[in-house]
2 protein chains.
Amino acid sequence: MDNTNIHSIMQTLGRAAREASRVIAKASAATKNQALLAMAEAIRRDEQVLLAANANDVALAKTKGLESAMVDRLTLTSKGVASMAAGLEQIAALPDPVGAVTDLNYRPSGIQVGRMRVPLGVIGIIYEARPNVTADAAGLCLKAGNAAILRGGSEAMQSNQAIAACVQEGLRVAGLPENTVQVVDTADRAAVGELIVMQKYVDVIVPRGGKGLIERIASEARVPVIKHLDGVCHVYIDVRANLEKAISIADNAKTQRYGTCNTMETLLVHAGIAQQFLPAVSKILLEKAVELRGDAAACALVPEMQPATEEDWQTEYLAPILSVRIVADIDQAITHIATYGSQHTDTIVTEDYARARQFLREVDSSSVMVNASTRFADGFEYGLGAEIGISTDKLHARGPVGLEGLTSQKFIVLGDGHIRE
Amino acid sequence: MDNTNIHSIMQTLGRAAREASRVIAKASAATKNQALLAMAEAIRRDEQVLLAANANDVALAKTKGLESAMVDRLTLTSKGVASMAAGLEQIAALPDPVGAVTDLNYRPSGIQVGRMRVPLGVIGIIYEARPNVTADAAGLCLKAGNAAILRGGSEAMQSNQAIAACVQEGLRVAGLPENTVQVVDTADRAAVGELIVMQKYVDVIVPRGGKGLIERIASEARVPVIKHLDGVCHVYIDVRANLEKAISIADNAKTQRYGTCNTMETLLVHAGIAQQFLPAVSKILLEKAVELRGDAAACALVPEMQPATEEDWQTEYLAPILSVRIVADIDQAITHIATYGSQHTDTIVTEDYARARQFLREVDSSSVMVNASTRFADGFEYGLGAEIGISTDKLHARGPVGLEGLTSQKFIVLGDGHIRE
């Protein structure tokens, strides 16, 4: 397909999304929930259809030699289908964020001023070949009163179309415009290029996927992007840490899951506790086959540790590898995090009140924790209900992005004939 | 100066701002207020110095033939100097937004999750030749815990340098880094081009000025921009409006000041009340020499009215001109606003409960009002204390942007050795 054609397809899609966004913005909570529940029902009913479409995608991906981790993420199981449906039901059960009025106060002039939560408008989601994202993203955007344009990885094309059919059935059942959720059905990469520059029709882009994809989108987009770059997360063990908690948190933060963005990648240890703590935690990590790379002082305490290079401090391993550094005090730990971290999630383990307070205030990351595993950085754990991603940006939304991050607030003013003097 | 040189100057400035931002982010409210009060004192003391520097700028601008409205904005008076100082004192009196923790709740896992308000980091302000913005912007950025890079219009260069000297004296007095506020002192336009792409050193750009300047910055920036485009504001007079309030609000919204962004540019009138309302309000407006441009139905009711063109509906006159349209109902009014408005400020005049509610919910503008003049859309009137601008964006900040808009929120998690199961 030539690029002129893609341009006009995407413009048409954008225009339709903008129109639908005006309708969905004013839809009642009851109508939106009806649509979500009908989508879940259609997905459960069509399980076999979805699995068959997915089997086609998987077969094609294998002939193309897609790497096995990606095939894993592409593959839908019966359990996966049930969990997509359950996800939509959970979104239906969340309170409607749209229209919520806060801080409505009388001003000296006599007017009342407050803020009302409103949808953003049209949201473009760009993601890899993970079919479950199609249902999740559609549900979250809809509940927040937005229209969505979904562009999943081309390897999941048939799966996404099958899920989209269920989503659109749900919209129809509730009497909402089908264009509220549109799935881009061309595999052409130019579609992404078009989507991220349609300022007139798209209000925000949420890319989900590898760092490379996200960096490329952020650098080419003319539409604002809520981006999730890497997670180089730190656990700092303070001299006044409780040893038992320190070991348990460091172990959990590293080994509970290796491939997630909130997994610890660097362990910082106060020099005053290193001798007690480091050999003990290393024993546990080595038993789990975690490779340890440390600075000279750390290597001196743990014979199995290899020397870390400058590059290690800035690496998101997403693997059973951990870099370890011994620091003189909390200030050095905070400076290390500011220098090498990715402002994602960092935690301090300490029983010291002042240092807990200092760490919370001074570490400039989207989640800052005291005596808790970095693995808690997650929309469900935070009570947001569900998340569309984790933002490493500072503007608009920082950290796990739930329904609230897909909305904005406008000012409302109530008067009784008030004029400005 | 060649562009390589400007590049390296701006990089140095950016690096220094980033360093200063780490210090100012953790400064106490008392220290920041001490700096603000010392700045105000220095400005009052140096009144004659500031006026002399400004006189040089004004003289030069006149020889260059700067238009008189711009010379007006450039000119500092004794009263203007006093009001800059008072502005800084007012900012000192505002509560410190940084570090405020909200929504701290226990989760089922046992962790406590909340949000802490934090500075954005480094803010770049680009503005025209209005010296008072230098003090305002410096004060607001500082109070919100940010470093600032200020780039004012080159015609105000000497005035800005003189004000910057007072600002830096204040920082010194409080023991804060002088680089917390830096004024770009090259008149070269390439400096702006550099500033808006320094993603590493600048977290957000706030442009203040004409629509052309802002559009150019938004289209070239790689750093996020909080932008304020035009204000095509509407007043809709519903069939159930109280006639007296309707006339008073329409008059005030148009004529209290012609050149502001929250001035009404289009008056929408329900057909059922047009015969009573339109001749009455027109009489008042015509007496104030406001030019009226209407659709056919409006022209039929007011002989002095000229026919409006399609272009009128999308024009921000910033002048004593008003476009007038008669609509069949509230839905047509809302559609007109969605089609031609700029999502700035719109108001409905009605005594009808359901229509007031509908208008508040469905009009997608940064300020939506009932029975109040559009002229109230302003940071001071809203109780924000002061504003850095009015955002017509949807993401991050919408409407008047005060201290809160110059901050973000991070998640904080408090545990007691909690790990994820």
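The values are calculated or read from the model by the stated rules, or taken from the named source; none is laboratory data. Not measured: the values here are computed from a predicted model. Using ideal geometry, Cβ is built from the backbone for each residue, glycine included, and neighbour counts are taken over all protein chains shown. Ligands, DNA and RNA are stripped out before the accessible areas are found, and what is left, the full protein with its side chains, is counted by its heavy atoms. Shrake-Rupley method; radii C 1.70, N 1.55, O 1.52, S 1.80 Å.
Looking only at the stretch A:369-390, filter to residues that are more than 8 Å from chain B (Cβ to nearest Cβ) and in contact with a strand residue (DSSP E or B) (Cβ under 7 Å, 6 or more places away or on another chain); which one of those is modelled with the highest pLDDT? Among those that are more than 8 Å from chain B (Cβ to nearest Cβ) and in contact with a strand residue (DSSP E or B) (Cβ under 7 Å, 6 or more places away or on another chain), it is A:Thr374.
Listed by first and then second residue, the pairs linking a residue in the stretch B:69-89 that is in the same structural domain as B:Ser159 (by TED's automatic domain parsing) to a residue that is in a helix (DSSP H, G or I) and surrounded by fewer than 14 Cβ atoms within 10 Å (Cβ to Cβ), with Cβ atoms under 8 Å apart and 6 or more places separating them unless they lie on different chains, are B:Val71/B:Lys62.
So that you can scan it fast, the table gives a plain yes or no per residue for (1) within 14 Å of chain B (Cβ to nearest Cβ); (2) surrounded by 23 or more Cβ atoms within 10 Å (Cβ to Cβ):
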| residue | (1), (2) |
| --- | --- |
| A:Arg107 | yes, no |
| A:Gly110 | yes, no |
| A:Leu142 | no, yes |
| A:Gly193 | no, no |
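Taking residues in the stretch A:394-421 that are in contact (Cβ under 8 Å) with a residue 40 or more places away in the chain, and partners anywhere that are among the aromatic types (Phe, Trp, Tyr) and in a loop (DSSP other than H, G, I, E, B), the pairs with Cβ atoms closer than 7 Å and at least 6 places apart or on different chains are A:Phe411/B:Tyr382.
If you filter the stretch B:368-385 down to residues that are of a type in the set (Gly, Ala, Ser) and without any contact (Cβ under 8 Å) to a residue 40 or more places away in the chain, you find that the one that is most open to solvent (accessible area, probe 1.4 Å) is B:Gly383.
Condition check ((1) of a type in the set (Gly, Ala, Ser); (2) open to solvent by 10 Å² or more (accessible area, probe 1.4 Å); (3) over 15 Å from the mean Cα position of the chain (by Cα)) across all residues:
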residue: B:Glu155; (1), (2), (3): no, yes, yes
residue: B:Arg172; (1), (2), (3): no, yes, yes
residue: B:Asn179; (1), (2), (3): no, yes, yes
residue: B:Thr186; (1), (2), (3): no, yes, yes
residue: B:Ile196; (1), (2), (3): no, no, yes
residue: B:Tyr201; (1), (2), (3): no, yes, yes
residue: B:Arg208; (1), (2), (3): no, yes, no
residue: B:Arg216; (1), (2), (3): no, yes, yes
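Do any residues in the stretch B:24-44 that are at pLDDT 95 or above have Cβ atoms under 8 Å from those of residues that are polar (S, T, N, Q) and outside any loop (DSSP other than H, G, I, E, B), where the two are at least six apart or on different chains, and which pairs are they? Cβ pairs passing all conditions: B:Ile24/B:Thr180. Residue-level analysis places A:Glu404 among those that are out of contact with any Leu (no Cβ under 6 Å at 6 or more places or on another chain), charged (D, E, K, R) and more than 7 Å from chain B (Cβ to nearest Cβ). Determine whether B:Ile284 is touching a residue at least 24 places away in the same chain (Cβ under 8 Å) and within 24 Å of A:Leu414 (Cα to Cα). So B:Ile284 fails the test.
State which residue is surrounded by the fewest Cβ atoms within 10 Å (Cβ to Cβ) when the search covers only the stretch A:228-258 and only residues that are touching a strand residue (DSSP E or B) at 6+ places or on another chain (Cβ under 6 Å) and part of a loop (DSSP other than H, G, I, E, B). Among residues in the stretch A:228-258 that are touching a strand residue (DSSP E or B) at 6+ places or on another chain (Cβ under 6 Å) and part of a loop (DSSP other than H, G, I, E, B), the one surrounded by the fewest Cβ atoms within 10 Å (Cβ to Cβ) is A:Val239. Hey, any hits in the stretch B:81-88 for a residue that's within 14 Å of another protein chain (Cβ to nearest Cβ) and in contact with a Pro (Cβ under 9 Å, 6 or more places away or on another chain)? No, the stretch B:81-88 contains no residue that is within 14 Å of another protein chain (Cβ to nearest Cβ) and in contact with a Pro (Cβ under 9 Å, 6 or more places away or on another chain).
Residues considered: B:Ser366, B:Ser342, B:Ser323, B:Ser391. Of these, the only one that is within 18 Å of B:Val281 (Cβ to Cβ) and not assigned by TED's automatic domain parsing to the domain that holds B:Leu142 is B:Ser323. Candidates are the residues of the stretch B:67-90 that are within 11 Å of B:Arg44 (Cα to Cα) and open to solvent by 50 Å² or more (accessible area, probe 1.4 Å); the one that is modelled with the lowest pLDDT is B:Ser83. Here is the figure for the stretch B:203-227: residues that are closer than 24 Å to B:Asn132 by Cβ, out of contact with any Pro (no Cβ under 9 Å at 6 or more places or on another chain) and either part of a strand (DSSP E or B) or not charged (D, E, K, R) (or both) total 6.
Taking A:Ala138, is it in contact with a Pro (Cβ under 6 Å, 6 or more places away or on another chain), open to solvent by less than 10 Å² (accessible area, probe 1.4 Å) and not in a strand (DSSP E or B)? So A:Ala138 fails the test.
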